[in-house]
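Trainee: Please find one structure pasted underneath; my questions will follow.
The values are calculated or read from the model by the stated rules, or taken from the named source; none is laboratory data. Since this is a predicted model, take the numbers as computed values, not measurements. Positions of Cβ are backbone-derived with ideal geometry, glycine not excepted, and every protein chain shown enters the neighbour counts. What goes into the accessible areas is simple: the full protein's heavy atoms, side chains included, and nothing from ligands, DNA or RNA. Shrake-Rupley method; radii C 1.70, N 1.55, O 1.52, S 1.80 Å.
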Amino acid sequence: GVVALRGRNEAGKTAIIEAIAYAWFGVNALREALEDVVTYGHKPNELKVKLDFKFDGVEYRIHRSKSGAELR
């Protein structure tokens with residue numbers, strides 16, 4: 001099917017897409033250095049992304065942080 005992500009400028013559409021890409025592929029998917037992506041005032045090792053999705057009837061969960069990733 002088709003998925004659309006719609007919102008006003010600066011609503012966070014790109015941030016959502018980049019978070020998904022980071023969960024799947026790590027820092028290589030980021031447009032900027034990890035240090036520049038982390039929320040202001042936080043350290044890079046505090047960045048964590050959790051992604052739940054279903055593919056072909058199977059539910060998956062990805063946990064990604066600077067130290068690595070885990071797929072369940």
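Trainee: In this structure, is LYS66 of a type in the set (Lys, Arg) and either free of Cβ contacts under 8 Å to residues at least 24 places away in the same chain or touching a Ser or Thr at 6+ places or on another chain (Cβ under 7 Å) (or both)? Reasoning before the result, please.
Mentor: Working: of a type in the set (Lys, Arg): yes; either free of Cβ contacts under 8 Å to residues at least 24 places away in the same chain or touching a Ser or Thr at 6+ places or on another chain (Cβ under 7 Å) (or both): no.
Judged against the criteria, LYS66 is not a match.
Trainee: Looking at (1) outside any loop (DSSP other than H, G, I, E, B); (2) modelled with pLDDT under 90; (3) exposed (fewer than 11 other Cβ atoms within 10 Å of the Cβ), can you tell me which one ASN45 breaks?
Mentor: (3)
Trainee: Now, a different point. So in the range 19-31, with the set limited to residues that are modelled with pLDDT of 90 or more and in contact with a Leu (Cβ under 7 Å, 6 or more places away or on another chain), which one is surrounded by the fewest Cβ atoms within 10 Å (Cβ to Cβ)?
Mentor: ILE20
Trainee: Scan the range 29-38 and give yes if some residue there is in contact with a Phe, Trp or Tyr (Cβ under 7 Å, 6 or more places away or on another chain), outside any helix (DSSP H, G or I) and within 25 Å of LEU71 (Cβ to Cβ), otherwise no.
Mentor: Scanning the range 29-38 turns up at least one residue that is in contact with a Phe, Trp or Tyr (Cβ under 7 Å, 6 or more places away or on another chain), outside any helix (DSSP H, G or I) and within 25 Å of LEU71 (Cβ to Cβ).
Trainee: Six or more apart or on different chains, Cβ atoms under 8 Å: show the pairs whose first residue is in the range 42-57 and closer than 18 Å to VAL3 by Cβ and whose second is in a helix (DSSP H, G or I) and open to solvent by less than 100 Å² (accessible area, probe 1.4 Å).
Mentor: Listed by first residue and then by second, the contacts come to LEU51/ALA19; LEU51/ILE20; LEU51/ALA23.
Trainee: Out of ALA33, ALA11, ALA15, ALA23, which single residue is small (Gly, Ala, Ser) and in contact with a strand residue (DSSP E or B) (Cβ under 6 Å, 6 or more places away or on another chain)?
Mentor: ALA23
Trainee: Please give the number of the condition ARG8 fails out of (1) within 18 Å of ALA69 (Cα to Cα); (2) modelled with pLDDT of 90 or more.
Mentor: Only one criterion is unmet by ARG8, namely (1).
Trainee: Right, another one. Taking the residues in the range 48-66 that are closer than 21 Å to GLY12 by Cβ and of a type in the set (Lys, Arg) as candidates, determine which candidate is most open to solvent (accessible area, probe 1.4 Å).
Mentor: Checked the range 48-66; the qualifying residue most open to solvent (accessible area, probe 1.4 Å) is LYS50.
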